[in-house]
Amino acid sequence: MKICVTAKGDSLDSEVDPRFGRCRHFMIVDTDSLEFEAVENLYAGIAGGAGIQSGQLVSEKQVSIVLTGNVGPNAFQTLNEAGIEVITGVSGTVREVAQSFKNGAYVPVQGPTVRSKSGLS
């Protein structure tokens, strides 16, 4: 299964970035093999619409699940419309989160966990 983990760096040992739309990298990880692709988030610094643009970028990678610290309403809606489930409240390294996910440690959320524009601060 392909998942996306928001990350502060571009390796499996990078820490999870607690923001979705303004994270530094999206780590696209195959949970069976731990093969990954590091995708720089080109939308992290834009003035508005980061959640929507980031959600569209992730949906193009054909992942089933996004794991992050928090997700805002625009990003959640974009991911939800693409059929991507969202898991929030994760922390640690990308490798740890991928393993915990594989072991069934997380449950998808049913809505956003922060207000719009909260990742700017």
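The values are calculated or read from the model by the stated rules, or taken from the named source; none is laboratory data. Model, not experiment: these values are computed from the prediction. Don't worry about glycine lacking a Cβ; one is built from the backbone with ideal geometry, like all the others, and counts go over all protein chains shown.
From the set of residues in segment 96-115 that are charged (D, E, K, R) and surrounded by 13 or more Cβ atoms within 10 Å (Cβ to Cβ), which is farthest from residue 18 (Cα to Cα)?
My answer is 102.
All but one of (1) touching a residue at least 24 places away in the same chain (Cβ under 8 Å); (2) closer than 26 Å to residue 115 by Cβ hold for residue 32; which doesn't?
(2)
Yes or no: segment 7-19 includes at least one residue that is buried (at least 18 other Cβ atoms within 10 Å of the Cβ), touching a Phe, Trp or Tyr at 6+ places or on another chain (Cβ under 8 Å) and within 23 Å of residue 111 (Cα to Cα). Talk me through it step by step, then tell me what you get.
Restricting attention to segment 7-19, the residues satisfying the condition of being buried (at least 18 other Cβ atoms within 10 Å of the Cβ) are 7, 12, 14, 16-19.
Narrowing further to those that are touching a Phe, Trp or Tyr at 6+ places or on another chain (Cβ under 8 Å): 7, 12.
Narrowing further to those that are within 23 Å of residue 111 (Cα to Cα): 7.
Checked segment 7-19: at least one residue is buried (at least 18 other Cβ atoms within 10 Å of the Cβ), touching a Phe, Trp or Tyr at 6+ places or on another chain (Cβ under 8 Å) and within 23 Å of residue 111 (Cα to Cα).
If you check 45, 83, which single one turns out to be in a loop (DSSP other than H, G, I, E, B), modelled with pLDDT of 95 or more and of a type outside the set (A, V, I, L, M, F, W, C)?
Of 45, 83, the one residue that is in a loop (DSSP other than H, G, I, E, B), modelled with pLDDT of 95 or more and of a type outside the set (A, V, I, L, M, F, W, C) is 83.
Select from segment 22-56 the residues that are under 19 Å from residue 73 (Cα atoms) and aliphatic (A, V, I, L, M) and write down the one among them that is surrounded by the most Cβ atoms within 10 Å (Cβ to Cβ).
50
Just give me the residues in segment 49-80 being assigned to a loop (DSSP other than H, G, I, E, B) and more than 14 Å from residue 23 (Cα to Cα), in sequence order. Spell out how you get there, then give the answer.
If we filter segment 49-80 for residues that are assigned to a loop (DSSP other than H, G, I, E, B), which is where we start, we get 49, 61-64, 68-72.
Listed by number, the residues that qualify are 61, 62, 63, 64.
In this structure, is residue 93 surrounded by 15 or more Cβ atoms within 10 Å (Cβ to Cβ), of a type in the set (Ser, Thr, Tyr), farther than 10 Å from residue 4 by Cβ and touching a strand residue (DSSP E or B) at 6+ places or on another chain (Cβ under 7 Å)?
yes
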